[in-house]
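Have a look at the structure below before the remarks.
The values are calculated or read from the model by the stated rules, or taken from the named source; none is laboratory data. Remember, predicted model here, so these are calculated numbers, not experimental data. FYI the Cβ positions are ideal-geometry reconstructions off the backbone, even for glycines, and counts take in every protein chain you see. Side chains included, ligands, DNA and RNA excluded: accessible areas come from the protein's heavy atoms. Shrake-Rupley method; radii C 1.70, N 1.55, O 1.52, S 1.80 Å.
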Amino acid sequence: MAMFMDTTIPLPQALHGIPFLVKDTFVTLDQMNTTGGPYALAGARYEFESTIMTNLREAGAIILGKTNLSEWGMSRSSKCKSGWLALYGQAVGGFYQDQDPQGSSSGSAIATSLKLASFTIGGEKTCGSILYPAQKNGVVGLKPTVGLTSRFGTIPTNPEQDSVGPITQYVKDSAIILHVIAGKDNLDCATESIPFDKIPDYEAACQRDALKGVRIAAPRSVYRVADSDPEVGVALQNAISQFRELGAIIVEDVDFEHWKPGSGQREDLFGDVLLREAFEEFFANLVENPHRIRNVSDLIDFTKSTSEEDYEGYGENWFGSARDAPGTSGSEEFLSVKARMEHLGHDVERLLDNHHCDILLATSSTDLPLDIGRLPGIQVPLGLYSADREIVRDSKGMVAKAPNIPYGITLTGRRYSEEKLLACAYAFEQATLTVRLNEEKLWIKPSF
């Protein structure tokens, strides 16, 4: 369901009366808690509201509430399930019983698929926190370039990679929301890198003929990932044919220079040090810190001593790694790791530059270095698993693949290329309208 906004309203009221939900990592100065999911922040108070929340309120949007996420943005433990947090329990996808909602912004994607609000806001803390749950819940997820949208007033995980973006039913709605929330913010130094003085008209870029003449890279490694699942492999080939029919030029037989999807090339030290330091700063700035937590060590102790956190079941091994990581963000070892990660992160742009392409196409389950490259990406629904699909559960017991569970494609490009990505995604979406098929296949039906 599109929002059907009156876009003749001046931008300050572009979202007048539009209801939305937000991931429970965005600070709001109202009666709602901002917790990130654990009991550690229940009752915490903050001095400032999230810049993004302020922007949305000033644009006329009405916040209805906050959504589940993977506790602490999926940074606590490898045993934690997507969509689980101690305060509110387990969230599941709407297309199959016990469906893994996948990704940190899972509640926001579920709420959008169920039409509990006109749009939701998510956060991409590391890799796939917006794109993955948007895929599994059959909706559009936009992960902006790091720095295009302010992160001030959000519970942090990785200040080098955190990004804030919308999850919507349709691409044009994401374009409208991005126009409202994008822009420089003197409270977030990352936004200083925005290369334009005026935010592009992302909505105006959404044209049905936007794919004509666009050069799209389809790397060999992306095909290999897609072909590992026969249904998705066929769907990707059909999508590529559709892109060609819409006027795009598909550049094949190319690949990344260094990046190998799914090969574990990210080095833990980079994220561990940044998580530890970000948490120390975050806890130090609380107006009211109900459990006097100062750092990751205190947080581990609290988690162990609080039965509702289910330490026995979920543990805290990622917190432990952050606590024990050597050095600081200024140490030689860290800077060396950071340089290696940034080099890998540039592989998307290198491929595009080397082959004179505008965007890169992949299935949304492909492991792309958008996090370490600080790159934008947009997930668009592609299809649903067939009615006779064998049920596959993940290592945590949740349903990963089953009849009618959605899958999708992701378009990515150079930093600050959101205008091009939204335009191309819109043209493909309008030619296929897979989202309408997805709406008919929801296992959980909205109650209105």
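Summary table
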| read-out | value |
| --- | --- |
| Inter-residue pairs, beta-carbon under 7 Å, first open to solvent by 60 Å² or more (accessible area, probe 1.4 Å) and in the range 28-57, second of a type in the set (S, T, N, Q) and part of a loop (DSSP other than H, G, I, E, B), 6+ apart | TYR39/THR306 |
| Index of the failed condition, GLY315 passing every other in (1) open to solvent by less than 30 Å² (accessible area, probe 1.4 Å); (2) farther than 19 Å from THR157 by Cβ | (2) |
| The one condition in (1) under 25 Å from TYR170 (Cα atoms); (2) surrounded by fewer than 24 Cβ atoms within 10 Å (Cβ to Cβ); (3) at pLDDT below 95 that GLU124 fails to fulfil | (2) |
| Hits in the range 368-413 - residues which are out of contact with any Pro (no Cβ under 9 Å at 6 or more places or on another chain), closer than 19 Å to VAL140 by Cβ and among the hydroxyl-bearing types (Ser, Thr, Tyr) | THR410 |
| Test result for PHE302, out of contact with any Pro (no Cβ under 7 Å at 6 or more places or on another chain) and either at pLDDT 95 or above or of a type in the set (Phe, Trp, Tyr) (or both) | yes |
| Residue that is open to solvent by 20 Å² or more (accessible area, probe 1.4 Å), basic (Lys, Arg), touching a helix residue (DSSP H, G or I) at 6+ places or on another chain (Cβ under 8 Å) and closer than 23 Å to TYR407 by Cβ, where the choices are LYS136, LYS184 | LYS136 |
| Subset of the range 93-133 (residues that are within 8 Å of the chain's Cα centre (by Cα) and either among the β-branched types (Val, Ile, Thr) or closer than 26 Å to ILE199 by Cα (or both)) | SER105, GLY122, GLY123, GLU124, LYS125, CYS127, GLY128, SER129, ILE130, LEU131 |
| The range 379-407 residues that are closer than 30 Å to GLY313 by Cβ and open to solvent by 40 Å² or more (accessible area, probe 1.4 Å), paired with ones that are among the small types (Gly, Ala, Ser) and assigned to a strand (DSSP E or B) (beta carbon under 6 Å, 6 or more apart) | VAL392/ALA400; ASP394/ALA400 |
| Of residues in the range 72-98 being assigned to a strand (DSSP E or B) and open to solvent by less than 40 Å² (accessible area, probe 1.4 Å), the one farthest from PRO159 (Cα to Cα) | GLY89 |
| Strands (runs of 3 or more DSSP E) contained entirely in the range 163-255, each with at least 3 residues that are in contact with a Lys or Arg (Cβ under 8 Å, 6 or more places away or on another chain) | 163-168, 249-251 |
